[in-house]
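The values are calculated or read from the model by the stated rules, or taken from the named source; none is laboratory data. Quick caveat, the model's predicted, so the values are computed rather than measured. Neighbour counts are summed over all protein chains in view; Cβ atoms, including those assigned to glycine, are modelled from backbone coordinates with ideal geometry. Areas reflect the complete protein model, heavy atoms only, side chains present, ligands, DNA and RNA absent. Shrake-Rupley method; radii C 1.70, N 1.55, O 1.52, S 1.80 Å.
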2 protein chains.
Amino acid sequence: MVDRIRRTLGGGIQGDRLRDDAAVLAVPGGGSVVVSTDSVVAGVHVDLALCAPADVGWKALMGALSDLAAMGARPLGALVALCVPGSDGSGELALGVMAGVAEAVGVSGCPVVGGDVSSAPELVVTVTVLGSVDGGVPVARAGARAGDVVLLTGPCGSSAAGLRVLRAGESGGGVSPSADLVGAYRRPVARLAEGEVLRQAGAHAMIDISDGLALDLHRLADASGVGFALHDVPVAEGATRAEALGGGEDYELLVAIGAEDAVRGSEALVARGLRAPRPIGVISADRDERRLAGMPLARLGWQHALG
Amino acid sequence: MVDRIRRTLGGGIQGDRLRDDAAVLAVPGGGSVVVSTDSVVAGVHVDLALCAPADVGWKALMGALSDLAAMGARPLGALVALCVPGSDGSGELALGVMAGVAEAVGVSGCPVVGGDVSSAPELVVTVTVLGSVDGGVPVARAGARAGDVVLLTGPCGSSAAGLRVLRAGESGGGVSPSADLVGAYRRPVARLAEGEVLRQAGAHAMIDISDGLALDLHRLADASGVGFALHDVPVAEGATRAEALGGGEDYELLVAIGAEDAVRGSEALVARGLRAPRPIGVISADRDERRLAGMPLARLGWQHALG
């Protein structure tokens, strides 16, 4: 669908910018902005029986911010377009969503600078974020080179496992491992600092794994015209291997970077009190090589309905 | 609702930026961007029985661009978040909407730089636009001064009249006045050049009249802490006076500007082949004076469901 939309737009689209997590726009007078927009639709991306309105607001802002993280950009501001059902409770629903947005603003440091409120048959939260690479070059999906190390900023699968726990009706309260998983599902955190540090360390390509590690790694390889051989996939505690590979809604970053820069980047992250990324494999020149532990890796993950 | 959302966001919102048509964001490395986001929801803002999908796409982009026009900004790019029903025809619906976006891109010169496609129960098109004032100062709603002339860039009511014609089932074909009205409803044009020229001429305050002239003029006066006395409201051919005052979805600009600058701005517009704006009244220091032809002017217009 995105390809057909691209053809429909013809000359009205700039460059190849619909391919990346975010677009880059030069600003008259100096500088540039990195921009991305994302919708969260109740009943499609989230189930209001399993998430509070505040969780939806949090997830909408963090999901958009994750696209900036994947470019190595620092957030400047967000716009929130809220469509809420016109029922009696819609005012409370809107305020609940915005309370979660406000919490995510507090954690991310990205202020809300504008927005729009409409009524609609179902809750839709569309967040547009603007960011900056402060004179640097944003990191695209294309750019991975043969010999690059593949880094992952953290273990995967906790969000999908949290959703499984919620669907099974298990308690998400207390301090059980389940509570951590449910928290990962309801309150994911965009890896903004990690993206910025790894961009500065010289990352060649980055992508967030919001649609699932396996699928998003294939996309990075497709865009870069390369293959990969993974030796390992770190699975979050309480998650299954399938959830780690194809669960999606994890906001860890997948990074292709030269071996020395990988070490430098890891040290810089640790120096800032952040988790050291895990080397999980290497990029190969053979674009048909797509392996995990020697076996072909399927394109597992969330395929957009119209994608 | 916007006030309650503002309170919910607390310190997470920058300045008073939810008040204006668009927000202004400083960009590291120099310039600034003017940004705005707007949703068009089928069944709320548009009726798909009266508009083709391409009309919806056109209206969504032009509606967002009108917010840039009202700040005197030149468009740099747009992001389109499309939510389409997941039925069999959704692919065609999405492509139809984007065909109209592409036509509006051609007329406005604003390229699409990014987007998102999701499924949803109903068609929602959220467009975010970025613009620039090229080192100048964006024109806010607040800023009108006693003695300013009130200019209007064109006659009003044609969009509401077009909707009336469509609802009555009259033919919109051919070259009848009805066809012009229907065209004004389906294919409104943001006054981008007018906004930029009037900003450069020294406009003190601007607003688009997308929610209706009367309501938006009150908003401009509220924001500026002033009153107004209108002597005249130009009614589009085929429209009623009520449609001109409160119909909404007209994208003409309402401008408060010093008398000499008004003349200079009008001349500059005519020199560029654009319509001379009409002086329709004056700004007064008494914020309780809100008159049209000597009578109090009611707040007529489209009040957002949650506004």
Interface B-A: total buried accessible area (1.4 Å probe, Å², nearest 100) of 5100 Å²
Quick calc, A:VAL107 & B:ALA242: beta-carbon distance into FRET formula, R0 45 Å, rounding 0.05, result 0.35
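Taking Cα pairs under 8 Å and at least six residues apart, what relative contact order does the stretch B:190-307 come out at, in percent?
Relative contact order, the stretch B:190-307: 42 percent.
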Restricting to Cα pairs under 8 Å and 6 or more apart, the percent relative contact order of chain A works out to 22 percent
Counting only protein heavy atoms and rolling a 1.4 Å probe, one gets per residue an accessible area for chain A in Å² of 36 Å²
Residues meeting the amide H criterion for A:HIS204 (H placed from the backbone, H to H distance under 5 Å, 5 or more places apart or on another chain) are A:ALA256, A:ILE257, A:GLY258
Packing-ranked peptide list from A:24-34, A:251-261, B:32-42, highest mean Cβ count within 10 angstrom first, is B:32-42, A:251-261, A:24-34
Taking max minus min of the Cα coordinates of the stretch B:209-265 on each principal axis, largest first, gives extents in Å of 33, 25, 20
Between the residues B:GLY246, B:SER32, B:LEU93, the Cα farthest towards the positive end of the dipole of chain B, that dipole coming from +1 and -1 charges on the beta-carbon of Lys, Arg, Asp and Glu, is from B:SER32
On the accessible surface of the protein assembly as shown, probed at 1.4 Å with all protein chains in place, carbon and sulfur together account for a percent value of 52 percent
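With only alpha-carbon atoms in the gyration tensor, what are the semi-axes of the equivalent ellipsoid for the protein assembly as shown, in Å, largest first?
46, 24, 23
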Per residue of B:74-84, other chain Cβ atoms within 10 Å number on average 6
The stretch B:190-307 -> Rg/Rh from Cα coords, Kirkwood Rh, value 0.95
Net charge (Lys, Arg +1; Asp, Glu -1) of residues whose beta-carbon lies under 15 Å from that of A:ASP261, A:ASP261 excluded, is -2
Farthest towards the positive end of the dipole of the stretch B:68-209, among B:VAL149, B:ILE207, B:GLY106 and with Cβ unit charges of +1 on Lys and Arg and -1 on Asp and Glu, lies the Cα of B:VAL149
In the stretch B:126-148, accessible area falls by at least 10 Å² from chain alone to full assembly (1.4 Å probe) for B:THR126, B:THR128, B:LEU130, B:SER132, B:ASP134
Of A:GLY57, A:GLY135, A:GLY183, the most mobile residue in a GNM of chain A (C-alpha springs, cutoff 10 Å) is A:GLY135
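Under the definition of Cα pairs under 8 Å and six or more residues apart, what whole-number percent is the relative contact order of the stretch B:134-243?
Numbers: 128 pairs, mean separation 49.8, N = 110.
Result for the stretch B:134-243 is 45 percent.
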Note on chain A: helices (DSSP H) long enough, at least 15 Å by alpha carbon along their axis, and hydrophobic enough, mean Kyte-Doolittle at least -1.0, are A:53-69, A:90-108, A:213-224, A:259-271
Rounded to the angstrom and largest first, Cα extents along the principal axes for chain B equal 58, 52, 41
Per residue of B:102-112, other chain Cβ atoms within 10 Å number on average 4
For A:ALA49 and A:ARG299, extending 7 Å from Cα along the Cα-Cβ vector and measuring point to point gives, in nm, a value of 3.2 nm
Each label sits 7 Å from Cα toward the beta-carbon; between A:ASP3 and A:ALA179 the label points are separated, in nm, by 4.8 nm
Sorted largest first, the Cα spans of the stretch A:236-299 on the principal axes come out in Å as 36, 34, 17
